[in-house]
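**Student:** First, the structure itself, so that you have it in front of you.
The values are calculated or read from the model by the stated rules, or taken from the named source; none is laboratory data. Here the structure is a predicted model, which is why all the values come from computation and not from measurement. Because the Cβ atoms are built from the backbone with ideal geometry, glycine has one as well, and the counts that use them run over all protein chains shown. Ligands, DNA and RNA are stripped out before the accessible areas are found, and what is left, the full protein with its side chains, is counted by its heavy atoms. Shrake-Rupley method; radii C 1.70, N 1.55, O 1.52, S 1.80 Å.
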Amino acid sequence: MPIHNADIARIFEEIADLLEIQGANPFRIRAYRNAARTVGEFGRDVGALLAAGEDLTRLPGIGDDLAGKIREIVETGKCALLDRLRKELPSAITELLHIPGLGPKRVRALWHDLGVQTIEQLYRAARDGRIRSLAGFGEKTELKILQSVEAHLGTTRRFKLATAAQYADSLVAYLRGVSGVRQVEVAGSFRRMRETVGDLDILVAAQAKSPVMERFASYDEVKEVLAGGPTRASVILRSGLQVDLRVVDEASYGSALVYFTGSKAHNIAIRRIAQERGLKINEYGVFRGERRVAGETEASVYRAVGLPLIPPELREDRGEIDAAQAGRLPKLVELSDLRGDLHAHTKATDGHATIREMAHAAQSLGLEYLAITEHSRRLTVAHGLDPQRLLKQCDEIDRLNGALKGITILKGIEVDILDDGTLDLPDSVLAELDIVVGAVHSKFDLPRAKQTERILRAMDNRYFTILAHPTGRMIESREPYDADMLRIIRHARQRGCFLELNAHPERLDLLDTWCLTAREEGVLIAINSDAHGTQDFQNLRFGVGQARRGWLEAKNVLNARPLKELRKLLPKHRP
Ligand code: DGT
Ligand code: CA
Ligand code: CA
């Protein structure tokens, strides 16, 4: 197996970590860290240099000892020093380094002073409050460690919004069918369209004699009933998802809905405003003394405290209350505002349907245009298109557009942004397309300056139209790559290009907070499905939810424009 520079760098990094946990000489530790960087960032393959008989000690920071180690690694794939260090230290201790916020220095202190060697021991130490007293830790750090460890151990498992929606939709339909039930709504983080939810909070308005509680507990998905009473119950579904149910009478439904929709921070802010007006607010209503002045609808509750109804997606105490008081709440984008979708795949690459099938599915959702944007050739796993296959697809689209009525197919590509910011297809081919969606699919670990530069250079291409899934994160499985998003947003503005809000359930990228920035900077957002099959257009609902959390209005959304207006914004029509 060939040894790459990155492999050598990783070994030197681990040696440095272990030496640091051991409390070795700082100079020695630094020597390994420097060597890891030198080799990792070196432009040529160190193994090839050795094979060519070149002298490695000419590299900065590489002396005889390290040159010998490099030779050992290249020749044997192993390093005796690393093996020895691993034996000298508790075997699970390097796992502690994977906990965010824990570097070798802290791991050393935890091991040395508290005897912590495993994640479980770390968890207990944090939970029992033994960490805060260590030098250099404190209460805040202890809490952060506890949260990181819980996330790491999966004890606070959250569900992706789209997954939770599958369970929520069928449970709501079931509850609506129970006699005496008047209203059912999923509240909590689900209603605020957060990208993940901890549990479902379902609110029901029902007549007093409704059997809704019994029927809830006997729902066939229920695995375990945690608690049950006349007005509240909690169950765990077979999927592991917890559901809390509350039953209220209709007079309290609006105030209960406000309360259980949250967020908690928003509720607290609303309560403060109520108090200033001499009112008391809780899940049963808004009261002046003993008298209920509001509570049946959410609007009545907000009206009682002098506010217009605030959409659930904004209820995060992120400025929505000031905006409401000033009459400046945004008129949030709605699913029905979308006129098209600018990112979809077909059978030609890794999708499951034909162009025609995709077009019909989009049309049946009320869309008037759809861009077909296959992967480009570098993405071989997806059978990406080379120029020849792409141009053939363009011909097919021309033919289909002649035959289809009521929907227009746009020619596009999801082109890979290469390491140096050039695109994976020549300009002569990109010039044939309506839309060029550029995407980072490789080298997620470039240093910040390089990653940013790479994306800015890609946007400089005159055909570049939309930056796909701009941060690269996958919900709870991949961190965003390190890049200067503000600069990227501003560059998009300068270049007349756009950012995507990818509605794929694993992505929901652009994040809500960056949507807000894009809006402020005047950059339009394309809410795209990234559909690989005809069902995937359903995901646009979650993309719109995320956009609403980012305060976007229809006028901030590229694909809320009718086709004629959209065309004016595309590269072919740029001045
Ligand atoms: P989650 O489940 O972690 O995704 O987030 P939420 O927001 O759904 O939180 P959850 O299920 O604990 O509670 C549902 C709502 O109930 C929450 O959004 C606001 C309300 N709530 C819960 N606890 C409190 C509280 O202590 N004070 C106030 N004012 N509201 C609360
Ligand atoms: Ca919840
Ligand atoms: Ca809950």
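**Student:** Need one number: nm distance between label points at Lys140 and Glu120, each 7 Å from Cα along Cα→Cβ, rounded to one decimal.
**Tutor:** Reported label-point gap for Lys140 and Glu120 is 3.3 nm.
**Student:** While we're on this one: With every protein chain left in place and a probe of 1.4 Å, what is the accessible surface of Leu433, to the nearest 10 Å²?
**Tutor:** 10 Å²
**Student:** How far apart, in nanometres, would the label points at Tyr284 and Val172 be if each is projected 7 angstrom from Cα along the Cα-to-Cβ direction?
**Tutor:** Those two pseudo-labels are separated by 2.8 nm.
**Student:** Here is a follow-up. State to the nearest 20 debye the size of the charge dipole of the range 253-325 about its Cα centre, where the only charges are +1 on K and R beta carbons and -1 on D and E beta carbons. Write down the numbers at each step before the final one.
**Tutor:** Working: 11 positive and 10 negative charges, 66 e Å.
Around 320 debye, computed over the range 253-325.
**Student:** Run the numbers for Leu391 and Gln22: contour at 0.36 nm per residue of separation, minus the present Cα-Cα distance, in nm. Intermediate values should be presented prior to the final figure.
**Tutor:** On the way: separation 369, 0.36 × 369 = 132.84 nm, distance 6.01 nm.
Extending this stretch completely gives an extra 126.8 nm.
**Student:** Identify, among Thr346, Val243, Asn401, the residue whose Cα sits farthest towards the positive end of the charge dipole of the chain, taking +1 on the Cβ of Lys and Arg and -1 on the Cβ of Asp and Glu, with the dipole about the Cα centre.
**Tutor:** Val243
**Student:** If I take R0 = 41 Å and measure r between the Cβ atoms of Lys555 and Ala251 in this structure, what FRET efficiency does the formula 1/(1 + (r/R0)^6) give, to the nearest 0.05? Write out the running numbers ahead of the final one.
**Tutor:** Values: r = 39 Å, r/R0 = 0.95.
With a Förster radius of 41 Å, E is 0.60.
**Student:** Moving on to the next point. Using a 1.4 Å probe on the protein heavy atoms only, what accessible surface does His98 show? Give it in Å² to the nearest 10.
**Tutor:** Its accessible surface works out to 130 Å², give or take rounding.
**Student:** Using the Karplus curve 6.51 cos²θ - 1.76 cosθ + 1.60 with θ = phi - 60°, work out ³J(HN,Hα) for each residue of the range 546-554 in order, rounded to whole Hz, and write x for Gly and Pro.
**Tutor:** Karplus values, whole Hz, x for Gly and Pro: 5, 4, 5, 4, x, 6, 7, 9, 4.
**Student:** To the nearest 0.05, how large is the calculated FRET efficiency for Arg238 and Arg182 if R₀ is 41 Å and r is the Cβ-Cβ distance? All intermediate terms of the calculation are to be shown ahead of the outcome.
**Tutor:** Details: r = 28 Å, r/R0 = 0.69.
The calculated FRET efficiency here is 0.90.
**Student:** Cα centroids of the range 210-256 and the range 468-504: how far apart, whole angstrom?
**Tutor:** Between the Cα centre of the range 210-256 and that of the range 468-504, the gap is 39 Å.
**Student:** Also: Give a residue-ordered list of calculated ³J(HN,Hα) values for the range 327-333 (Karplus: 6.51 cos²θ - 1.76 cosθ + 1.60, θ = phi - 60°; whole Hz; x for Gly, Pro).
**Tutor:** x, 10, 5, x, 8, 4, 4
**Student:** If packing is taken as the average number of other Cβ atoms within 10 Å across a peptide's residues, how do 253-265, 16-28 rank, most packed first?
**Tutor:** On the way: 253-265: 21.2, 16-28: 16.8.
Packing order, densest peptide first, comes out as 253-265, 16-28.
**Student:** With every protein chain present, what accessible area does Leu430 have (1.4 Å probe, heavy atoms only), rounded to the nearest 10 Å²?
**Tutor:** Taking all protein chains as shown, Leu430 has close to 0 Å².
**Student:** Ignoring everything except DSSP H segments at least 4 long, calculate the 222 nm mean residue ellipticity for the chain; use -39,500 (n - 2.57) per segment, divide by total residues, nearest 500. Can you show the working numbers first?
**Tutor:** Values: 24 runs with 244 residues, N = 575.
One gets -12500 deg cm²/dmol as the mean residue ellipticity at 222 nm.
**Student:** Same structure, new question: Can you give the local net charge around Glu20? Use residues other than it whose beta-carbon is closer than 15 angstrom to its beta-carbon, Lys and Arg +1, Asp and Glu -1. Walk me through the intermediate numbers first.
**Tutor:** Values: positive: Arg28, Arg30, Arg33, Arg86, Lys105, Arg106, Arg108; negative: Glu13, Glu14, Asp17, Glu88.
Summing Lys and Arg as +1 and Asp and Glu as -1 gives +3.
**Student:** I've got another one for you. So if I place +1 on the C-beta of Lys and Arg and -1 on the C-beta of Asp and Glu, and nothing else carries charge, what would the dipole magnitude of the chain be about its Cα centre? I want it in debye, nearest 20. Before the final figure, lay out each step's value.
**Tutor:** On the way: 83 positive and 80 negative charges, 299 e Å.
Dipole size: approximately 1440 debye.
**Student:** Could you order Tyr32, Tyr284, Tyr167 so the one with the most accessible surface comes first? Probe is 1.4 Å.
**Tutor:** Numbers: Tyr32 10, Tyr284 110, Tyr167 60 Å².
From most exposed to least exposed: Tyr284, Tyr167, Tyr32.
**Student:** Using square roots of five times the C-alpha gyration tensor eigenvalues, list the equivalent-ellipsoid semi-axes of the chain in whole Å, biggest first. Please list the in-between numbers first.
**Tutor:** Working: eigenvalues 423, 282, 94 Å².
Largest first, the chain gives 46, 38, 22 Å.
**Student:** Could you pull out the pairs from Lys105/Lys144; Lys405/Lys572; Lys411/Lys572; Lys144/Lys450; Lys411/Lys564; Lys160/Lys223 whose alpha carbons sit more than 22 Å apart here?
**Tutor:** Numbers: Lys105/Lys144 17 Å; Lys405/Lys572 24 Å; Lys411/Lys572 12 Å; Lys144/Lys450 30 Å; Lys411/Lys564 15 Å; Lys160/Lys223 20 Å.
The pairs that break the limit, which is 22 Å between Cα atoms, are Lys405/Lys572; Lys144/Lys450.
**Student:** May I ask which residue of Leu134, Val172, Leu309 lies farthest towards the positive end of the charge dipole of the chain, with charges of +1 (Lys, Arg) and -1 (Asp, Glu) on Cβ and the Cα centre as origin?
**Tutor:** Final value for the positive-end residue is Leu309.
**Student:** Let me ask another. Using heavy-atom solvent-accessible surface (probe 1.4 Å) with all chains present, what is the largest-first order of Asp530, Asp317?
**Tutor:** Descending accessible area places them as Asp317, Asp530.
**Student:** If I model a spin label at Ala151 and Arg303 as a point 7 Å from the Cα along the Cα→Cβ vector, what separation in nanometres do I get?
**Tutor:** My value for the distance between the label points is 4.2 nm.
**Student:** Same structure again: Using the Kirkwood formula over every pair of different C-alpha atoms, what hydrodynamic radius in Å results for the range 335-573? Numbers along the way, then the final one.
**Tutor:** Working: mean 1/r = 0.0575 Å⁻¹.
It is 17.4 Å.
**Student:** Could you work out how much longer the chain between Arg30 and Lys105 gets when fully extended? Use 0.36 nm per residue separation minus the Cα distance between them, nm to one decimal.
**Tutor:** Working: separation 75, 0.36 × 75 = 27.00 nm, distance 1.33 nm.
Extending this stretch completely gives an extra 25.7 nm.
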